[in-house]
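Undergrad: Right, I'll just put the structure down here and ask away after.
Rule-based calculations on the coordinates, nothing more; no lab input. As the structure is a computational prediction, the values presented were derived from the model and not from experiment. Backbone-built Cβ (ideal geometry, glycine too); neighbour counts: all protein chains shown.
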Amino acid sequence: MKVSMTVNGKSVSRDVEPRTLLVHFIREDLALTGTNVGCDTSSCGACTVLINGESVKSCTTLAVQADGADVMTIEGMASEDGTLHPIQKAFQENHGLQCGFCTPGMVMASYSLIKENDHLDEKAVREGLEGNLCRCTGYHNIVKSVLAAASEMGA
Amino acid sequence: MTTIANASSGVIGQPMLRREDPKLLSGEARFTDDLKIPGALWIGLVRSPFANAKIISIDTQDAKASPGIVAVYVASDLQSEWAGPIPSAWQVTPDMKSPAHYPLASGKANYVGDPVAVVVGNSPTEVADAVALVDVSYEELPAVVDLEEALTDANVIHEELGTNKCYVWELNPNPQGIEDAFKSAAHVVKERYIQQRLIPAAMEPRSVAVVPSPMGGDYTLYSATQIPHILKVMTALTVGISESKIRVIAPSVGGGFGSKLDVYPEELLCLALARKHKVPVRWTEERTEGAQATIQGRGQVQHIELAADKDGKLLGVRADIIADMGGYQQLITAGVPLLGAFLYHGAYHTPTYAFKCTGVYTNKTPTDAYRGAGRPEATYAIERAMDSLAKTVGVDPAEIRRRNFIPTESFPYNSPAGLVFDSGNYGPNLDQALTAVGYDTLRADQEKRRAEGSTKHLGIGLSFFVEMCGLAPSRVLASLNYAAGGWESATVRILPTSKVQVVTGTAPHGQGHETVWAMIVADKLGISVDDIEVLHSDTSIAPHGMDTYGSRSLSVGGSAVHIATERVLEKAQKIAAHLLEASEDDLEYQGGIFSVKGSPDKTMPLAAIAFEAFTAHNLPDGLEPNLEATTTWDPPNFTFPFGSHIAVVEVDEETGKVELLRYMAVDDCGPRVNPLIVEGQIHGGLAQGIGQALYEEAVYDSAGNLLNATFADYLLPSAAELPTFELGNTVTPSPTNPLGVKGIGEAGAIASPPAVMNAIVDALSHIGPIQIEMPASPERVWKAIQAVRA
C-alpha cells in the first residue's frame with residue numbers, strides 16, 4: 001500500500017506491506033534509526049514519536065495509520081544548524097541519559113508532556129513519563145532534565 | 001627527576017558534561033540494529049516451549065519452502081561448524097560438572113527458550129514467519145524448577161552428569177574456631193532468605209551482525225556486548241577461526257548490567273553462518289524472547305547464621321547457599337555466587353567465618369552476572385541478619401552496626417575470609433547518613449504514628465555495605481580458577497597535529513568513559529579535553545582489553561590511562577630538556593607548556609614537542625621517535641567501596657502496599673573523577689536494587705514456564721515508582737591504584753535491597769516479627785501481616 005506523510009518537515013511517500021509498523025517504516029524505509037525498539041508490548045516507550053504534535057508509541061501504530069500525518073522523530077528536534085532543542089540540551093546538562101537507548105523516546109515523550117501541561121512539578125513529570133522505561137538513570141536526572149526544560153520553555 | 005608527571009590541573013573532580021551525549025540525544029548514535037548492512041541474511045531461532053524435553057524429531061520442510069528462506073538448520077547440520085562448545089570460563093572446582101552446551105540443543109532441550117533450530121532468510125519478517133513453520137516433536141519430561149528439590153536428584157536434567165549438583169565450593173579456614181564460636185555465643189541468629197531471579201533488562205535488546213571481509217577471509221562481528229575483547233577470543237575458539245581473522249566492534253551499546261557480559265549462541269551462529277553462506281548474517285533479539293534467551297541474575301537460597309556475644313559483637317558468621325545455574329553454564333555462571341563468598345560478614349569484624357556454596361542445575365534460563373554479581377546477595381544476607389541480631393540483642397540497628405564495624409585503624413584489614421580490605425572509615429560515614437536523613441526525628445515520627453493508631457506505618461531501614469570490585473588482580477583470579485586475568489590496557493598517543501588519542505581496553509555502554517578518560521588525560525597534560533579523543537570497543541583499534549564489568553573500568557582502566565599519560569609526559573620532558581638545552585630537573589610544566597625555571601622566555605609547548613617527536617630530526621640520543629606510551633595495569637588488589645543507605649517507607653497495613661518515601665545514600669568510592677557520572681551510577685543502581693526489593697522477579701511455574709516474560713508483566717520500576725534520591729558522600733582513597741578510586745557502578749544495586757526490606761520489617765515490627773521475601777508485593781506484605789497476627 002502507498003503511504004504518504006510528513007516526517008521532520010519533509011514529505012515522504014512509500015509502498016509498504018499493510019502490516020508494517022510505523023517504527024519499522026521510520027527505521028527501515030526512511031533510515032531514521034534514532035527511534036528505537038526496546039520491547040514488543042508497547043511498554044518501554046523507546047519508540048515514542050510525535051504524530052501531529054502528540055506523543056505516540058510508533059511500535060503500536062501501523063505506518064498506514066499515519067498516512068497524511070505530520071510525524072516528528074528525534075532527528076527533527078535539533079535546529080538545522082545542529083543546535084540542540086532545549087529538551088535535548090537539558091538532558092545533557094542534567095546528565096539525564098547514560099546508555100542513551102531510551103533517550104530519543106524519553107525526549108519525545110517529554111516534549112508532549114511539557115507542551116500539554118502549564119505547570120509541571122516533580123510528581124507530574126514522574127507520572128507523565130510512566131510509559132517510558134529507563135534502566136540506567138533511576139529517572140532522577142531525567143526528572144531534573146524535564147523540569148529544567150519545562151522552565152526554559154516557559155511551561 | 002622532577003614531579004612534573006604527578007601534577008594535576010584541576011580537571012579531575014569537575015562535574016564535566018558528557019561528550020557522548022549530543023550523538024545519543026540527536027539520534028545519530030548507531031546501535032547494532034541500526035547498522036545498514038546490504039545483502040545481510042537474518043536468522044531466527046526456533047526455541048523449545050518445554051523446560052525439559054526430549055527432541056524426537058524436527059521437520060523443517062515447510063519452513064524451508066517458506067518465501068524468502070535460504071536455509072534451516074538443526075544441531076546435527078551444524079556440528080562440524082564448532083571447534084568447541086559455548087565457553088564457560090569459570091571452572092570453580094576441579095570436579096565441577098558441566099554439560100556440553102552448543103548453540104543448538106541436540107537430543108534434549110533444557111529450558112523454555114533453549115534453541116533447537118535456526119532459520120536463515122532474507123528479512124526478519126520472513127524469518128519470523130518460517131520459524132513458526134518448523135515442526136518439532138518433543139517428549140516432555142518433568143521440569144526441575146525448585147533448587148532444593150533439584151538437589152535431591154529425583155529428576156536428573158543432564159543424564160550424562162548423573163546429578164543436578166554442579167559443584168560444592170567451601171571456604172572454612174578455621175572449622176574448630178567457628179564451631180566453638182557458635183557453642184559459646186550468647187546470641188545466635190539463623191535466617192533463610194531467597195534471592196529471586198531477576199531479568200537484567202538492558203533497554204537495548206541484544207543484537208549481532210557478522211560481515212565477512214571482501215578479501216582475506218576476515219570477519220567483522222558487531223555486537224551489543226560489554227566484552228568485545230573477550231568475545232573475540234571466545235568466538236575464535238568456538239567457531240575455529242584464527243583470532244587474528246576476527247574483528248569485534250561494539251557500536252553504541254544500550255546498557256548491559258552483566259547481561260551482555262557473555263558469549264551467546266546467536267553470536268556464534270551468526271559467525272558460523274556468515275562463514276558458511278559467505279554473506280553477512282545478523283540477528284536482533286525480541287524483548288520477550290530475550291527474557292528467556294538472555295541470562296538472568298541472582299537465584300539463590302541463602303542460609304546465614306550469626307554468633308554473637310552478650311553485647312551483640314560477632315563471634316562467627318556462617319553462610320550456606322544454594323545457587324541456581326539454570327540449564328547450562330554461560331560465561332561465568334558458576335563463579336558469580338563466589339564473588340560474594342568473601343563478603344557474608346559485611347563491614348563487620350568477625351574472628352571466625354565459613355562459607356559454602358552448592359551450585360545446582362535447573363530447567364530454567366542460565367544465570368550469570370547481573371549488576372553486583374554475588375555481592376548484592378551477600379550484602380542482603382548479612383544486612384538483614386544484622387537487623388535480626390539487633391532485635392535479638394535489643395539495640396538499635398545503627399548501634400549493632402557501630403559495635404561491629406571493622407575499626408578504622410585496622411585498615412588495611414585482613415579479613416577472616418582471606419581478603420585484604422584496602423581502606424575504610426565506616427563510623428563517620430554512618431553518622432553522616434543518620435544525621436542527613438534525620439534518623440532521630442524519623443524514629444519519633446514512627447512512634448507518633450503508632451501511638452495515634454495509624455494503619456500506615458513508617459519504617460526506617462539501614463543497610464551498610466562494603467563490596468569488592470575493580471575486577472581484578474590476575475593472581476587472585478587465578479586462585480579462584482578463573483580462566484583470564486584482570487588487567488587493563490591503555491595507550492596515550494600525542495599526534496603530530498598535537499591532538500591526543502587515548503586507546504582503552506574498556507568497553508563503555510553508558511558509563512561515559514569517553515568523557516572521563518579524557519578528563520584524566522587533560523588533568524595531567526594541562527590541555528583541553530576537546531583535544532583528546534578516546535577510542536574503544538573495536539578490537540582492531542584497541543587490540544588489548546578486558547572490557548567493562550565488575551565496577552572495574554575506572555580503577556583498572558582509568559588507572560592504566562593515568563599511568564600511560566605519565567609515561568608520555570616523562571618522555572616529553574626528556575625531549576623538552578634536550579631542545580631547551582636545560583636539565584630535566586630545571587623544567588616546569590603548566591597548561592601544556594614546558595618552561596625553564598627562572599627563564600620564563602625559554603618555553604616549549606607540548607604540541608611542538610609532539611611534532612619534534614614525530615619528525616625525529618633532533619631527539620636526544622637513544623630516544624625513540626613519536627610521543628606515545630602503552631601500559632597494561634594489573635591492580636594489586638580489589639577496591640572496597642562502602643556506604644550507608646537508609647530507606648524510609650510507608651507500609652499500609654490494610655492493603656500491604658509499600659511506598660518508598662525517601663532514600664538516602666552516603667557512598668564512599670574514594671575521590672570522584674566526575675561527580676555527575678558517579679551520582680548517575682548510584683541513581684541507576686538504586687533503581688535496580690529497589691526494583692529487586694519491591695517489584696521484580698522472574699516467576700516460573702512448576703512446569704518451568706516463565707510467566708512474566710514481557711515488559712507488560714515484568715515490573716521494571718518507572719519514574720512514578722521511585723523517589724528523588726538523596727545522596728551524600730565521604731572520601732576514603734584506595735591505596736591500591738594511582739587515582740585512589742573505588743568502583744561505584746554496582747554499589748546502588750548492592751546496598752539498596754536490604755535497606756528497603758529492613759525498612760518494611762521495621763515498619764511492622766510492633767505488629768510482630770514479619771517474615772517476608774523479595775519482591776515485597778502488596779500481596780506478600782499483606783499475607784505476612786496476617787501470618788504474624790494468626
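Undergrad: Run the reach check for residue B:574 against aspartates and glutamates, Cα to Cα strictly under 15 Å, same-chain hits fewer than 8 apart removed. What comes back?
TA: B:566, B:584, B:585, B:586, B:588, B:612, B:621, B:624, B:628
Undergrad: Just to be sure I understand the model, the point goes 7 Å from the Cα along the line to the Cβ. What's the resulting residue B:174 to residue B:149 distance in nm?
TA: Roughly 4.1 nm, to one decimal.
Undergrad: Next question, about the same structure. Can you list the lysines whose alpha carbon is less than 22 Å from that of residue B:165, not counting same-chain residues fewer than 8 positions off?
TA: Excluding near neighbours in sequence, the set is B:54, B:97, B:108, B:356, B:364.
Undergrad: If you don't mind, another one. Taking R0 as 45 Å, what's the FRET efficiency between residue B:771 and residue A:12 from their Cβ-Cβ distance, rounded to 0.05?
TA: Taking R0 as 45 Å, the efficiency between residue B:771 and residue A:12 is 0.15.
Undergrad: Which of the three applies to chain B, rounded, prolate or oblate, going by the alpha-carbon gyration tensor with a ≥ b ≥ c and a/c under 1.5 meaning rounded?
TA: oblate
Undergrad: What does the charge add up to near residue B:612, with Lys and Arg as +1, Asp and Glu as -1, over the other residues with Cβ less than 12 Å from its Cβ?
TA: So the environment of residue B:612 carries a net charge of +2.
Undergrad: Multiply the residue separation of residue B:135 and residue B:36 by 0.36 nm, subtract the distance between their alpha-carbon atoms, and state the gained length in nm to one decimal.
TA: Length gained between residue B:135 and residue B:36: 32.4 nm.
Undergrad: Using r as the Cβ-Cβ distance of residue B:590 and residue B:567, and R0 as 22 Å, what FRET efficiency do you calculate, to the nearest 0.05?
TA: 0.70
Undergrad: Starting from the 7 Å offset along Cα-to-Cβ, what nm value, one decimal, do you get for the label separation of residue B:414 and residue B:456?
TA: Each label point is offset 7 Å from its Cα along the Cβ direction, giving 5.4 nm.
Undergrad: Shifting gears a bit: Compute the distance from the alpha-carbon center of the stretch B:29-62 to that of the stretch B:283-339, in whole Å.
TA: 30
Undergrad: In addition: Compute the separation of the alpha-carbon centres of the stretch A:104-155 and the stretch B:165-241 and state it in Å as a whole number.
TA: Here the answer is 36 Å between Cα centres.
Undergrad: At q = 0.12, 0.17 Å⁻¹, work out log10 I(q)/I(0) for the stretch B:141-262 with the Debye formula, treating every Cα as an identical point scatterer and leaving solvent out; two decimals please.
TA: -0.82, -1.01
Undergrad: In whole percent, what relative contact order does the stretch A:86-152 give with Cα contacts below 8 Å and a gap of six or more residues?
TA: Computed value for the stretch A:86-152: 56 percent relative contact order.
Undergrad: Using C-alpha positions alone, give me the convex hull volume of the protein assembly as shown per residue in cubic angstrom.
TA: Once divided by residue count, the hull of the protein assembly as shown is 184 Å³.
Undergrad: Between residue B:699 and residue B:80, what is 0.36 nm times their sequence separation minus the Cα-Cα distance? Round to one decimal in nm.
TA: 219.1 nm
Undergrad: Also, quick follow-up: From the Cα gyration tensor of the stretch A:86-152, with a ≥ b ≥ c the square roots of its eigenvalues, which class applies: rounded if a/c is under 1.5, or else prolate if a/b is larger than b/c, or else oblate?
TA: Verdict is prolate for the stretch A:86-152.
Undergrad: Tally Lys/Arg at +1 and Asp/Glu at -1 over every other residue whose Cβ is under 12 Å from the Cβ of residue B:247; what's the total?
TA: That works out to -1.
Undergrad: How are the Cα pair distances of the stretch B:562-655 distributed, in percent, across 5 Å bins from 0?
TA: With 5 Å bins starting at 0, P(r) equals 2, 11, 18, 16, 11, 6, 5, 5, 5, 4, 3, 3, 3, 3, 2, 2, 0.
Undergrad: Students often forget the sequence filter, so: which lysines lie under 19 Å Cα-Cα from residue B:313 once same-chain residues fewer than 8 apart are removed?
TA: B:183, B:190, B:391
Undergrad: Please check chain B for the longest run free of GluC sites (Glu not before Pro) that are loop-located per DSSP (anything but H, G, I, E, B) and have at most 12 other Cβ atoms within 10 Å.
TA: B:1-580
Undergrad: Further, regarding this structure: State which entries of A:89/A:115; B:260/B:783; B:310/B:783; B:23/B:571; A:89/B:524 exceed 27 angstrom in Cα-Cα distance in the structure shown.
TA: B:260/B:783; B:310/B:783; B:23/B:571; A:89/B:524
Undergrad: Starting from 0.36 nm per residue, how many nanometres of slack lie between residue B:286 and residue B:160 once their C-alpha separation is accounted for?
TA: Full extension of this stretch gives 42.1 nm more.
Undergrad: Still on this structure: Which one of A:99, A:59, A:44 has the biggest mean-square fluctuation once chain A is modelled by GNM with Cα springs under 10 Å?
TA: A:99
Undergrad: For chain B, what is the relative contact order in percent, using Cα pairs closer than 8 Å and at least 6 residues apart in sequence?
TA: 16
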